[in-house]
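The values are calculated or read from the model by the stated rules, or taken from the named source; none is laboratory data. Computed from a prediction, not measured in an experiment: that's the story for all the values here. For neighbour counting, all protein chains shown are included, and Cβ atoms are generated from backbone atoms with ideal geometry for every residue, glycine included. When the accessible area is computed, the model is the full protein with side chains, heavy atoms only, and any ligands, DNA or RNA have been set aside. Shrake-Rupley method; radii C 1.70, N 1.55, O 1.52, S 1.80 Å.
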Amino acid sequence: MSVLEVDRLVKHFPIHGGLLQRRVGAVKAVDGVSFAIAKGETLGLVGESGCGKSTVGKTILKLIEPTSGRIVLGGEDITALKPGGMWPHRRRIQTIFQDPYSSMNPRLTSGTIVGEPLENFDIAHGKERDERVARLFARVGLRPDAMRKFAHEFSDGQRQRLGIAKALSVNPDVIVADEPVSALDVSVQAQVLNLLIDLQEELGLAYLFISHDLAVMRHISHRIAVMYLGRIVELATKRELFATPLHPYTEALLAAATAPDPRRAKRKRTIVQGDVPSPAKPPPGCHFHTRCPYAVADCKVTSPPLREVAPGHHVACHLR
Ligand code: SF4
């Protein structure tokens, strides 16, 4: 059963202009995104900067309100909940940021930072809280004396471990991780990814893992959704996606991220030209047609739906 379902999620940011600041358009950051994540599963959401993947994460967390669509957490529809109504569900969906420092009060010790959610959600207080915090520190690989330190006294990798401990403190079902290792050195990245994998196996956590980095996605994801200009263009298991990419944009991303493989020399390497168009003015039809080397006339007019073309393998392209 899915712990998180997202159905035709849309987030448009209005653009205002003119003397009267009337609405003159919209940035279509997320334009009809659907997926589900099962307990113990990691869904990777990958795409270039500005494709809308972080907006998907923020909308699911209800940090911003969706324009339309549905978000179902643990079987309950949370789409229309206001902050007060959302509070009981906040515990079940937590986040890990790229820069955990930005969400940590520099005047509080790290032990207090990790213990704060336990107090706020009335899970544990006093000695019991302290014992839980100590167990969390040990679980994420931080020494007990680190509880007395302040966030600025940690290395980047340790600070991300602290962010993970804070997210875990309230026993969530789902964690939205937005570029959580992008700012770390490669060796530290692997340690943090392996910690997340171990925690998932132990606790059955579901992750929505947002990243632009395909190597990171390959390490941690079970399935991967590729986003382009607010839409998912391909969704498949990690194995399928890397072995048989079906969307020209996925082909291009893989070609750009991997060194030429002589065993696959016969496969055409898709190179896309030009920049990503503005989400305030996405091209009609298939959003990718302005850069796609295979585009046909219909691509400029009709938007291809995301279709299942093989078991579990979905793609949005007229040619598939
Ligand atoms: Fe390219 Fe057309 Fe497929 Fe879009 S629908 S990816 S433009 S071939």
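Here is how the numbers come out for the structure above:
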quantity	calculated
Counted charge near ARG223, where neighbours are those whose Cβ lies closer than 15 Å (Asp, Glu -1; Lys, Arg +1)	0
Sequence-separation-based contact order of the chain, relative, with Cα cut under 8 Å and 6+ spacing, percent	21 percent
J(HN,Hα) series, region 279-290, from Karplus relation 6.51 cos²θ - 1.76 cosθ + 1.60, nearest Hz, glycine and proline x	x, 7, 9, x, x, x, x, 6, 4, 8, 5, 6
Burial ranking of peptide ranges 306-318, 277-289 (average Cβ count within 10 Å, highest at the top)	277-289, 306-318
Highest-first arrangement of 113-119, 21-27, where packing means the average Cβ count within 10 Å	113-119, 21-27
Antiparallel DSSP beta bridges within the chain, percent to nearest 5	65 percent
Whole-percent carbon and sulfur share, accessible surface of region 1-143, 1.4 Å	54 percent
0 to 90° range, to nearest 10: angle between helix 126-139 axis and the chain longest Cα axis	50 degrees
Above-threshold pairs, the threshold being 18 Å between Cα atoms, out of LYS58/LYS82; LYS58/LYS281; LYS28/LYS281; LYS62/LYS82; LYS11/LYS62	LYS58/LYS281
Accessible surface, per residue, of the chain when the full set of protein chains is kept, probe 1.4 Å, Å²	49 Å²
Nearest-ten-degree value, helix 156-168 long axis tilted from longest Cα axis of the chain	80 degrees
Unit Cα scatterers, Debye sum, the chain: log10 I(q)/I(0) for q = 0.10, 0.13 Å⁻¹	-0.62, -1.00
Per-residue [θ]222 nm for the chain (sum of -39500 (n - 2.57) over DSSP H runs n ≥ 4, rounded to 500)	-9000 deg cm²/dmol
Degrees, to the nearest 10: 186-203 long Cα axis against longest axis of the chain	80 degrees
Set of aspartates and glutamates near LYS127 by C-alpha distance (under 13 Å), chain-local residues within fewer than 8 positions excluded	GLU119
Interchain or long-range residues, amide H under 5 Å from ILE232's placed H	SER34
Prolate/oblate/rounded call for region 81-137, Cα gyration tensor, a/c under 1.5 rounded	oblate
